[in-house]
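In what follows, a single structure is set out as structure tokens and then discussed.
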Amino acid sequence: MAASARDRILLNLALDSLVAALALPAAVWLAAPGAWPPALWWAATIPGAIAALMLVGVPLRLPQQYWRFASLPEALSTTAAAAGAALITAIGLHWSGAWAPPNPGFPAIHALVLAALLAAPRIAARLRHAGRAGPLSDTPAAPVLLVGAGDGADLFIRAIGQERSPAYRVTGILSLRSRQLGRRIHGLPILGTAEDAAAILDQLREEGRLPAQIILATPQLQGLELQRLLDAADRHGLPVKRAPTPTALGPASRRPGERAEAEPRVTLRRVEIEDLLDRPQVPLDREGMARLVQGKRVLVTGAGGTIGGELARQVAALGPASLTLLDHGEYVLYEIDLELRERHPGVPRRAVLADVRDSARMGRLMAEIRPELVFHAAALKHVPMVENDPLEGLLTNALGTRIVADAARAAGCSLMVFISTDKAVNPTSVMGASKRLAEMYCQALDRGARTSGTGMRLVTVRFGNVLGSTGSVVPLFRRQLERGGPLTVTHPDMRRYFMTVREAVGLVLQASVVGATDRQDQPPELREGGIFVLDMGDPVKIVDLARRMIRLAGLRPEEDVEIRFTGLRPGEKLFEELFHGQEPPSPTNFPGLLVAVPRTTDAGEMGRAIDGVAALAAAGDRKGALARLNALVPEFEHELNGQAP
């Protein structure tokens with residue numbers, strides 16, 4: 001292979017030398033058609049012109065250029081070499097006193113001719129190898145409309161232009177900025193902005209030029225703007241897909257001996273439901289987060305779950321002194337540990353298999369690692385599952401939280417962050433009521449610490465559903481779509497709050513920074529046991545979510561895929577709430593964060609109450625445990641047979 005590369009470089013040197021020999025007489029003829037130097041002059045000057053090109057071209061790596069991949073950087077270096085060689089040739093003629101063309105512009109003409117002759121074979125090689133990738137096909141290219149008039153559109157158009165039989169033919173472009181209207185990219189017109197998609201598609205339909213689909217060539221179109229574009233496309237029955245990532249638009253990778261026709265180069269991606277619910281990025285205090293975590297010993301419970309795993313990722317990126325990952329599930333703990341080992345190998349890390357309900361185990365662990373910061377995300381969160389086994393929910397969610405908080409405080413932890421849920425507000429499920437018990441205990445401990453000015457601070461953060469979390473509706477709908485449906489929705493009026501996991505965890509860390517110490521900009525409600533509530537935006541109807549996911553899959557709701565209503569399950573309610581009627585929300589100085597002040601009680605009294613419920617649960621007294629839970633959470637009413645009224 002080395003010999004072949006050397007031969008190619010030597011061939012390039014020979015061809016460039018030939019170009020230099022041809023460029024000189026062509027430049028002389030253009031500069032002074034009527035004047036022609038003697039033969040002896042040519043014998044001395046042509047070798048000099050070749051030497052001048054080599055003197056400049058070798059440092060610029062002209063011989064090493066791969067002509068079939070020639071691009072703008074190669075064109076610039078070729079032009080620079082031509083200009084340098086022409087200048088050296090002109091200087092040599094001047095100092096030698098030899099004959100020189102009478103035209104004073106000869107050096108510039110020589111440079112232009114030499115640059116053109118050097119570029120010509122490189123452009124020819126690039127064109128010769130263009131359009132060679134992918135399989136041959138008799139299927140005509142589908143007309144498509146691109147959204148995005150930036151680098152993504154440029155890469156996509158170039159990629160399909162290099163295919164032997166492209167599957168797509170771009171007929172127009174929609175920009176994100178109005179100032180680009182009327183311009184062209186690769187000769188294709190920018191028809192308007194994404195906001196004007198509805199009117200543009202109507203016009204294209206009238207003209208008989210409606211595309212077969214719309215392709216997003218930019219990641220910047222998210223949230224409400226993307227929703228409007230999808231609505232406009234739905235009116236005309238057009239699917240919307242995403243262009244491949246820039247790295248996927250390179251040459252198709254093949255195994256040795258595999259035919260180039262194995263598969264096409266450009267493969268579109270589907271638009272994910274997370275893209276539709278994405279909201280404007282809330283500014284976060286990244287420096288404050290770094291100060292909170294950097295150099296600290298951090299423990300994350302429930303680290304194998306959706307929230308706990310994302311907490312572990314974001315905490316690891318902030319440079320803790322050590323990071324302990326705790327979960328009772330072996331495989332999920334292995335997965336997050338492996339991921340962090342690969343992404344953050346420099347962070348000291350430990351994976352611990354443990355149950356937060358084991359008081360002795362948690363006490364020994366806390367005393368051993370002495371965490372300075374604890375994120376408690378471990379919980380049983382699936383409402384119907386906890387309704388089936390309510391005693392397990394009480395032991396994990398209520399008793400487990402008390403055990404973790406007490407063990408962390410005894411080990412000298414300075415801050416614990418408790419992850420709660422909107423289902424703790426006016427709960428109709430054992431899961432929600434058990435989390436409300438945990439909230440009450442954490443509030444009481446934090447209120448005592450803030451009043452005395454000593455002890456561990458506890459920050460409670462409450463929010464709604466996280467997209468894609470274990471047991472949530474989005475993965476369920478995806479599995480049902482893969483099987484061809486139907487998509488099952490419990491009730492046509494069911495609504496839920498949704499947030500992406502990255503956004504939720506970012507706001508959890510922001511709340512941790514605000515609640516960690518007594519700051520001047522801290523909400524005064526925190527001294528009364530206030531709870532941080534994430535601003536979840538507007539609730540989403542689950543049936544609308546189902547319809548949107550069907551459309552994103554390129555199918556039609558009720559025609560291609562059925563939506564079937566199954567009825568409310570035990571413990572479920574139609575509308576989740578973020579605030580109780582007696583805890584009106586208070587704004588903070590931090591976007592995305594609100595504060596609620598639910599009813600609080602004494603920490604000792606609350607601890608004894610949780611122990612009482614846990615004792616009944618451990619004894620298997622389902623009726624007694626639920627009766628005690630009803631008394632502790634007055635807004636929760638649960639029939640003693642385990643069914644919500």
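Rule-based calculations on the coordinates, nothing more; no lab input. Just so we're clear, the structure is a prediction, and the values are computed from it rather than from any experiment. As a convention, Cβ positions derive from the backbone with ideal geometry for all residues, glycine included, and neighbour counts pool all protein chains shown.
Within the set [x] 40.4; [y] 48.8; [z] 32.0, the number that mean projected area of the Cα convex hull in nm² takes when calculated for this structure is listed as [x]. Once the chain from Leu176 to Arg205 is taken as fully extended at 0.36 nm per residue, the excess over their C-alpha distance is 8.3 nm. A simple spin-label model places pseudo-atoms 7 Å from Cα toward Cβ; at Lys623 and Glu482 they are separated by 4.5 nm. Summarising the label geometry, the points placed 7 Å from Cα in the beta-carbon direction at Ala212 and Ala43 lie 6.7 nm from one another. Projecting the Cα atoms of Gly152, Gln294, Ala100 onto the charge dipole of the chain, computed from C-beta unit charges around the Cα centre, puts Ala100 farthest toward the positive end.
Sparsely packed loop sites in the range 1-98 (the chymotrypsin sites (Phe, Trp or Tyr not before Pro) outside DSSP H, G, I, E and B with at most 16 other Cβ atoms within 10 Å) comprise Tyr66.
A full extension of the chain between Asn630 and Asp231 corresponds to an added length of 139.1 nm, given 0.36 nm per residue minus the alpha carbon distance. Label-to-label distance for Arg361 and Asp602 is 3.3 nm, based on points extended 7 Å past Cα in the beta-carbon direction. So which of Lys296/Lys381; Lys296/Lys423; Lys435/Lys623 end up more than 22 Å apart by C-alpha? Where the Cα-Cα span goes over 22 Å, the pairs concerned are Lys296/Lys381; Lys296/Lys423. Ordering Thr451, Thr488, Thr171 by the number of other Cβ atoms within 10 Å of each residue's own Cβ, fewest first, gives Thr451, Thr488, Thr171.
Assuming charge only on the beta carbon of Lys and Arg (+1) and of Asp and Glu (-1), the dipole of the range 82-219 about its Cα centre is about 420 debye to the nearest 20.
Dipole orientation for the range 2-128: of the candidates Ala32, Met54, Leu72, Leu72 has the Cα lying most toward the positive pole (charges on Cβ; Lys, Arg +1; Asp, Glu -1).
Ordering Ile403, Ile9 by the number of other Cβ atoms within 10 Å of each residue's own Cβ, fewest first, gives Ile9, Ile403. Peptide packing for 600-612, 211-223 was compared via the average number of neighbouring C-beta atoms within 10 Å per residue; ordered from the highest value, the list is 211-223, 600-612. Taking each DSSP H run with n ≥ 4 as -39500 (n - 2.57) and averaging over every residue of the chain yields -14500 deg cm²/dmol at 222 nm.
Potential lengthening of the chain between Ala321 and Leu76 amounts to 83.3 nm, from the contour at 0.36 nm per residue minus the alpha-carbon distance. All Cα-Cα distances of the range 2-128, cut into 10 Å bins from zero to the largest, leave 13, 46, 28, 12, 1 percent in each bin in turn.
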